[in-house]
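The values are calculated or read from the model by the stated rules, or taken from the named source; none is laboratory data. For clarity, every value in this text was computed on a predicted model and none was experimentally measured. Here the Cβ is made from the backbone with ideal geometry for all residues, glycine too, and neighbour counts use every protein chain on show. Calculation scope for accessible area: heavy atoms of the full protein, side chains included, ligands and nucleic acids excluded. Shrake-Rupley method; radii C 1.70, N 1.55, O 1.52, S 1.80 Å.
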Amino acid sequence: MDYVSALVPPVVMAAFFIGVVRVIVKTQGGAAKAKEDAAVDAAIARAEAAGGTSAAADA
């Protein structure tokens, strides 16, 4: 029975991880995608206007 107690935590964590990945995949896109993209674009524009530079520009 020791092998059962040794296998339960990894199996539970794997099931939880699969559930998290499924939720992330299902929530990508959809009706809110344009709103989220606009919010990200606005944040990037504010950062650039404030004089922030990206790591790619510094390289």
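Before moving on, here are some points about what is shown:
- Gaussian network model of the chain, Cα within-10 Å springs - most flexible of V20, V11, V40: V11
- Note on A32 and M13: their simple-model spin labels are 2.9 nm apart, each label 7 Å out from Cα toward Cβ.
- Tilt relative to the chain, helix 33-49 - C-alpha long axis, 0 to 90 degrees, to 10: 50
- Protein accessible area in the stretch 1-52, 1.4 Å probe - carbon and sulfur %: 72
- In degrees, nearest ten, helix 2-26 long axis to first principal axis of the chain (Cα): 30
- Projected-area mean, the chain, by convex hull of Cα positions, square nanometres: 7.4
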